[in-house]
Amino acid sequence: MLKACCSAAVSINADQIAAIAAESDAPSPISVYDSSGQLVYGEGPTPPDEPTQAAIARRTAHSTDGDIVVAMPITDSEEHVAGALRLVDARGGTDGRVRSAWAMMLLSAAVAIERTESASRSPVPWPSPKAAGCS
C-alpha cells in the first residue's frame with residue numbers, strides 16, 4: 001500500500017490518495033502533503049511538523065513526542081520530490097499492543113511451568129533406562 005501511495009503520479013490527487021487510504025491494509029491515519037508543504041489529504045498539522053518538513057527536503061524522518069510519527073518523501077520516477085507521506089501511530093495503541101504481547105508470553109510461561117510441575121508430581125513412574133531398551 002505504501003509503495004502504491006509513494007509511487008503515485010507527480011500531481012498528487014486527493015481522490016487517488018483517499019482510494020489508497022481506504023484499502024484494508026492501509027495504515028491509519030495518513031496525511032499527504034505536496035512539495036510546498038500544503039496538506040492535500042488527511043488531518044495532519046498545518047503547517048507541516050518537523051518530520052514532514054524533513055521528508056519534503058528528501059529525508060525520511062520520525063518523531064516520538066507523544067505519538068510515533070514517520071514521514072517519507074513521495075518521489076516521481078526521476079526521484080524529484082512531489083510531496084510527503086506522514087503516518088501516525090498513537091503511543092497508547094502501541095503500548096497496548098506491547099502489553100498484550102507481554103501478557104500472552106507470561107500466560108504461556110505460567111501454563112508451561114504448571115504443566116511441568118504437574119508432570120513431576122505425576123503418580124505414573126518413569127520407566128527405567130533398562131525397561132526402555134537402553135543399556
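Every number here is computed from the coordinates shown, using simple stated rules; none is lab data. What you see is a predicted model, and the numbers here were worked out from it, not measured in a lab. In this analysis, Cβ positions are derived from the backbone assuming ideal geometry, glycine residues included, and neighbour counts consider all displayed protein chains.
List of remarks:
- Taking the alpha carbon gyration tensor of segment 2-89, multiplying each eigenvalue by 5 and rooting it gives semi-axes of 17, 16, 11 Å, largest first.
- Segments 13-26, 48-61 sorted - mean Cβ within 10 Å per residue, highest first: 48-61, 13-26
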